[in-house]
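Notes to accompany the following structure.
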Amino acid sequence: MHSRITEVAGGPGDGGLSFVQEKVLPGFESEHGFEGLVLLVAEGGSGISVALFRDQDAVQASDEQAAGFRSEASNRGYEVNLVGTFEVVGSDIRGGDPKAARFLRVSGGGDFGAVFQDTVIPTFGAVDGYLGAIAGTSNGSGFGMSLWRDEASRDGATDAISQIREAMGAAGVNIDSTEELSVRIAQLPG
């Protein structure tokens with residue numbers, strides 16, 4: 001699986017929710033190889049969309065349509081920034097209806113996929129309220145997204161987070177930033 005990540009601010013301050021519901025989801029749902037989309041929104045109204053595709057060819061096939069969405073969103077007053085495309089190196093979707101998320105931006109030369117499989121999934125998997133996670137990399141940078149039943153579950157995972165941070169550091173994966181967000185759309189594969 002591969003992903004395209006886009007940041008959104010401005011507009012009506014909904015993190016792009018109205019635009020994603022009106023244009024992006026219906027447009028991508030007709031694309032061959034589209035697997036799902038998660039829209040995360042911060043308290044200040046900025047958003048991060050993570051569009052998931054079967055493979056790199058499906059991402060590339062949707063490039064023109066995605067560029068059109070970004071242009072139209074800009075014309076509507078949103079500030080849109082394409083973060084990039086990433087190979088998904090790990091995915092653990094357990095179902096449920098996530099309401100909260102944690103989004104990490106990572107860098108470094110470590111094997112993020114191995115840390116994700118060997119530490120993140122089993123460590124978070126033991127925490128009540130954990131509903132899944134996805135991790136991706138591209139050219140020494142990447143992202144990790146964990147999905148939670150609610151804010152209390154996400155915020156209560158402090159011991160698990162400490163273990164994961166330690167394992168990432170030991171593996172040479174740097175956590176560049178962490179954001180705690182609300183899940184507004186979670187159309188997930190599987």
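The values are calculated or read from the model by the stated rules, or taken from the named source; none is laboratory data. All values derive from a computational prediction rather than experimental measurement. All Cβ positions, even for glycine, are placed from backbone atoms using ideal geometry, and neighbour counts span all protein chains on display. Accessible surface is based on the protein model in full, side chains and every heavy atom, while ligands, DNA and RNA are left aside. Shrake-Rupley method; radii C 1.70, N 1.55, O 1.52, S 1.80 Å.
Report yes if Ile121 is more than 21 Å from Ile48 (Cβ to Cβ), in a helix (DSSP H, G or I), touching a strand residue (DSSP E or B) at 6+ places or on another chain (Cβ under 9 Å) and modelled with pLDDT of 95 or more, otherwise no.
Against the criterion (more than 21 Å from Ile48 (Cβ to Cβ), in a helix (DSSP H, G or I), touching a strand residue (DSSP E or B) at 6+ places or on another chain (Cβ under 9 Å) and modelled with pLDDT of 95 or more), Ile121 qualifies.
Scan the range 62-118 for residues that are touching a Ser or Thr at 6+ places or on another chain (Cβ under 6 Å) and among the basic types (Lys, Arg) and jot them down.
Arg102, Arg105
Quick one: count up the residues across the range 166-190 that are surrounded by 15 or more Cβ atoms within 10 Å (Cβ to Cβ) and in a helix (DSSP H, G or I).
Count: 2.
Restricting the range 149-165 to residues that are over 19 Å from Ser91 (Cβ atoms) and aliphatic (A, V, I, L, M), which is surrounded by the most Cβ atoms within 10 Å (Cβ to Cβ)?
Per the stated criteria, the residue is Ile161.
Looking only at residues in the range 110-148 that are small (Gly, Ala, Ser) and over 16 Å from Val88 (Cα atoms), which one is most open to solvent (accessible area, probe 1.4 Å)?
Ala126
Applying the selection to the range 18-46, what residues are open to solvent by 60 Å² or more (accessible area, probe 1.4 Å) and within 15 Å of the chain's Cα centre (by Cα)?
The answer is Glu35, and nothing else.
Glu64 fails exactly one of the following numbered conditions: (1) open to solvent by 50 Å² or more (accessible area, probe 1.4 Å); (2) under 22 Å from Glu179 (Cβ atoms). What is the number of that condition?
Among (1) open to solvent by 50 Å² or more (accessible area, probe 1.4 Å); (2) under 22 Å from Glu179 (Cβ atoms), the lone unmet condition for Glu64 is (2).
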